[in-house]
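**Student:** Quick one: this structure, given as structure tokens, is what I'll be asking you about.
Laboratory data are not the source of any read-out in this text; all were calculated from the coordinates shown. Model, not experiment: these values are computed from the prediction. With ideal geometry, Cβ positions are generated from the backbone for all residues, glycine too; neighbour counts draw on all protein chains shown.
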Amino acid sequence: MTLSKQIIIFTILFAVVALNPVITYGQGTRKVEKFILKKKVVDFYIIFSEDSVPENLNILCKGILRSSKNKQINISSDLMARFFRSEDVLITKAGRLVLVNHHLIKNDTAAISIQLTAVPGLSKSLKVPVNYKGNLLLNYSGKNGPDGKNGENGEPGVLSGTRAIDPEKGNDGHPGTNGDTGESFYIYLEPSRIPGSPHPDLINLIIHDKTDMPLDTFRIDTSHSTLCFILNGGDGGNGGSGGDGGHGADGDQTLSFSHGHPGALGGKGGNGGDGGNGGQVILYMNEKLESFHDRIQIFNHGGIGGHGGKMGKTGTRGITSLYREGSSDKKAGRKTQKDMSGIKGRDGKNGLDGPPIQTFVFKNKYPESE
């Protein structure tokens, strides 16, 4: 799963709308921007309180900027997302840090890096306390299929002496690619025992791939956590539009009642890609953790099929000097071309939803793979 996709999911589910009035938010922003513009900012500090915060981080942040002349300005929690960024955490509108990369956790802390966006190169590493509480989202959804390319337009027709070169048909649009299938995993849950840890009620979450080979391990709190698997199938790519047909060659530039040569047909629209099927979780749970089962969720919907590409337009009929517009036979030609228009590409099929979580209960340590 790409980092951008993780950030999008966390933003949708957990970004909290700031409650301060818009005018206060605007004044605070302008005040900080003015300080950055007029002062040479050389350092910043992140202050946090260790309250009960979701997403396995225990931080509600505020910031302080320091100038070269040791002048300072505070950045309130609701402005943190405007002035700071990080690839390790999502900074919500409320000023909370939501962990994106869970592999940064070591000894109940996460080492993260935060950058001041207005000053290139000014960043700071922080050690963040982790409480393992809140929602742990594991997103292993299939990738969306790329869209198909549009077909190229056909070349126009040409009159060369007494010989006419027919216009080219528009090229067909390329089909969209099928979306990938959501991943399938074996998941093992067992009590975690960390010597000296202040968190006594932790769970080891051990992830194996569909061949039952170990992939990853996470920890969550048994009493204050929700575990969510996101294993949706990828959406199918849209089909490319067909290219337009070439313009028909113009007729002789004389006082003639005839019209020019007909235009070529447009290309066919490409078919949309099929959506990928949702993934699957087979869960092995220690009997001591059965009460935790009700706080496990799975989203494994099939991906949406891509739309078929549009048919390219039929090239316009050529003209003569006398009847450039509106001659009866030219109107009839237009209608004939319209009647000959093809059908757009086929829409892709939606993927199938994955099955519900299949659960097995075991005693003691999780069973070893065969």
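**Student:** Taking a ≥ b ≥ c as the square roots of the eigenvalues of the Cα gyration tensor of the range 59-217, is the shape rounded (a/c under 1.5), prolate (a/b larger than b/c) or oblate?
**Tutor:** Oblate is the answer for the range 59-217, as a/c is 1.5 or above yet b/c matches or exceeds a/b.
**Student:** Please find the FRET efficiency linking Asp201 to Arg30, where r is the Cβ-Cβ separation and R0 is fixed at 41 Å, and quote it to the nearest 0.05.
**Tutor:** Values: r = 46 Å, r/R0 = 1.13.
Efficiency, rounded to the nearest 0.05: 0.35.
**Student:** Right, next: Around Lys69, under 15 Å between beta carbons, what's the net of Lys plus Arg minus Asp minus Glu among the other residues?
**Tutor:** +4
**Student:** So, R0 is 51 Å and r is the distance between the beta-carbons of Val158 and Leu352; what FRET efficiency does that work out to, to 0.05?
**Tutor:** Result of the calculation: an efficiency of 0.50.
**Student:** Using the structure shown, list the pairs from Lys69/Lys93; Lys39/Lys62; Lys93/Lys133 with a Cα-Cα distance above 25 Å, or answer none.
**Tutor:** Lys69/Lys93
**Student:** Can you give the net charge of the other residues whose Cβ lies under 9 Å from the Cβ of Ser223, counting K and R as +1 and D and E as -1? Could the numbers behind the result be given before it?
**Tutor:** Numbers: positive: Lys133; negative: Asp201, Asp221.
The answer is -1.
**Student:** May I pose another question? Determine the sum of side-chain charges near Leu122: Lys and Arg each +1, Asp and Glu each -1, restricted to other residues whose C-beta is under 12 angstrom from that of Leu122. Working shown, then result.
**Tutor:** Working: positive: Lys40, Arg66, Arg85, Lys124; negative: Asp43.
My count for the surroundings of Leu122 gives +3.
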